[in-house]
Amino acid sequence: MASTMSRLMLGRTLERICKAVLLLCLVHFLIMMILYFDVYSQRFDIFSRFNNGRGANASRGPHHYYYNYSRPNTTFPSYLPGADQLLPTAKPEANRTRPTPKPIPPCPEVPPGLVGRLLIEFSSQMTMERVQRENPNVTEGGKYTPTDCRPKQKVAIIIPFRHRDHHLKYWLHYLHPILRRQKIDYGIYIINQLGEDTFNRAKLLNVGYTEALKDAEYDCFIFSDVDLIPMDDRNLYHCYDQPRHFAIAMDKFGFRLPYAGYFGGVSGLSKKQFLKINGFPNEYWGWGGEDDDIYNRITLNGMKVSRPDVRIGRYRMIKHERDKHNEPNPQRFNKIQNTKNTMRKDGISSLTYRLASVKKYPLYTNISVEIGKPPPRPIKG
């Protein structure tokens with residue numbers, strides 16, 4: 001009886017163990033089936049979308065992925081070739097809008113790259129080749145335009161010239177870098193008087209104004225002698241509300257203005273100001289007087305001469321002997337007193353000359369002209 005009871009209890013225990021094992025197997029089977037169908041559905045979704053992406057309807061509708069691409073440095077799985085085509089923001093190259101370039105700002109009133117007081121010397125040997133190497137950004141004809149800002153004016157710098165090649169090398173050596181630092185949009189014009197007749201500075205300046213306008217739309221004109229170098233780059237070479245006298249303190253005058261009405265050396269007028277005074281006189285043959293006539297024309301037309309601070313308007317002159325056929329004009333004092341009567345008929349409106357040639361060099365434009373001869377002087381007595 002006891003052995004029978006023991007066998008019954010053992011049978012029940014084994015039955016319970018078998019049921020538990022079967023139950024565990026069933027649970028395990030269900031879990032495996034759930035996991036299998038879940039993974040299968042994900043893989044099917046990914047590959048079906050990938051294949052659709054290569055078809056005609058790839059761009060329709062948003063796509064959803066099982067990866068977190070919001071993490072820093074997250075990239076697409078390497079086993080998804082062409083994944084860049086599946087990005088929601090990707091568009092065909094032809095439909096992409098190129099970024100609009102930023103507008104160039106106006107040049108500042110006071111350029112930040114100015115140096116201030118400069119050391120000017122004429123003892124070192126100077127060649128055109130050296131000056132050209134120093135100024136690679138200057139284009140043919142002696143022109144330059146800033147690339148990082150938009151200048152308000154276009155400036156023509158006009159130099160009356162004859163037999164001054166030595167001086168011209170130094171002028172170009174110093175002025176090109178100064179003008180670039182000043183953010184000036186400029187062109188340099190050398191007005192060369194042909195022949196050996198009496199020199200006429202003011203008439204050459206009128207020629208320079210006329211010929212420069214044939215080359216570009218200038219609205220500001222700086223008239224400079226070739227032997228004068230500014231000693232401070234804060235002396236800005238552009239036009240002002242009033243006619244400008246730049247060279248107010250030359251070393252030859254002890255860095256002082258020689259007299260209140262002096263307007264010689266380097267000056268600047270806008271196109272409007274220049275036409276208002278009918279340009280410069282054409283009848284001052286030889287040295288002296290024309291700058292005083294110009295000063296009279298300015299004041300007689302209701303304008304005032306503006307000047308820089310005396311500490312900024314300092315200039316060094318290249319020492320030289322007075323040019324042959326540029327002797328002092330004995331009639332200059334009488335002519336200065338008659339400016340009011342002559343300025344309407346003698347000026348840019350009455351200019352005549354013969355243009356011989358225009359040659360563009362790397363650092364300047366050379367304009368050679370014939371301007372005629374002075375009228376014969378009246379015989380005394």
Next item on the list: Evaluate the following for residue 336: is it at pLDDT below 95 and surrounded by 16 or more Cβ atoms within 10 Å (Cβ to Cβ)?
Entry: yes
Next item on the list: Quick one: in the range 111-155, of everything that is without any contact (Cβ under 8 Å) to a residue 60 or more places away in the chain and among the hydrophobic types (A, V, I, L, M, F, W, C), which residue is surrounded by the fewest Cβ atoms within 10 Å (Cβ to Cβ)?
Entry: 119
Margin query: If I ask for residues that are among the basic types (Lys, Arg) and not in a loop (DSSP other than H, G, I, E, B), which ones from the range 213-262 would you list?
Written below: 214, 244, 252, 256
Check: Restricting the first residue to the range 260-274 and requiring it to be free of Cβ contacts under 8 Å to residues at least 40 places away in the same chain and among the polar types (S, T, N, Q), which pairs with a second residue that is surrounded by fewer than 19 Cβ atoms within 10 Å (Cβ to Cβ) and not in a helix (DSSP H, G or I) meet a Cβ separation below 9 Å and a spacing of at least six or different chains?
Finding: 273/242; 273/301; 273/303
Note to self: On the basis of being surrounded by fewer than 21 Cβ atoms within 10 Å (Cβ to Cβ), among the polar types (S, T, N, Q) and at pLDDT below 95, does residue 198 make the cut?
What the structure shows: yes
Note to self: Looking at (1) crowded, with 22+ Cβ neighbours inside 10 Å; (2) touching a Cys at 6+ places or on another chain (Cβ under 9 Å), which one does residue 271 not meet, given that it meets all the others?
What the structure shows: (1)
Next item on the list: With the checklist (1) crowded, with 20+ Cβ neighbours inside 10 Å; (2) in contact with an Asp or Glu (Cβ under 7 Å, 6 or more places away or on another chain) in hand, flag the one item residue 261 doesn't pass.
Entry: (1)
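Criterion first (modelled with pLDDT of 95 or more and surrounded by 13 or more Cβ atoms within 10 Å (Cβ to Cβ)) does residue 284 satisfy it?
Criteria not met by residue 284.
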Check: If the Cβ limit is 6 Å and pairs must be 6+ apart or interchain, which residue in the range 186-197 that is touching a residue at least 60 places away in the same chain (Cβ under 8 Å) and closer than 14 Å to residue 357 by Cα pairs with which residue that is assigned to a strand (DSSP E or B) and of a type in the set (Ser, Thr, Tyr)?
Finding: 189/365; 192/368; 194/368
Check: Going by the conditions given, is residue 204 of a type outside the set (Asp, Glu) and farther than 22 Å from residue 172 by Cα?
Finding: no
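Condition first: part of a loop (DSSP other than H, G, I, E, B) and under 18 Å from residue 160 (Cβ atoms). Now tell me which residues in the range 278-296 satisfy that.
Correct list: 279, 280, 281, 282, 283, 284, 285, 286, 288, 289.
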Next item on the list: Looking only at the range 168-180, decide whether some residue is of a type outside the set (A, V, I, L, M, F, W, C), in contact (Cβ under 8 Å) with a residue 12 or more places away in the chain and not in a helix (DSSP H, G or I).
Entry: no
Next item on the list: Quick one: which residue in 240, 218, 209 is of a type in the set (Phe, Trp, Tyr), modelled with pLDDT of 95 or more and out of contact with any Lys or Arg (no Cβ under 9 Å at 6 or more places or on another chain)?
Entry: 240
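The values are calculated or read from the model by the stated rules, or taken from the named source; none is laboratory data. Since the model is a prediction, treat every value here as computed from it, not as a measurement. Here the Cβ is made from the backbone with ideal geometry for all residues, glycine too, and neighbour counts use every protein chain on show.
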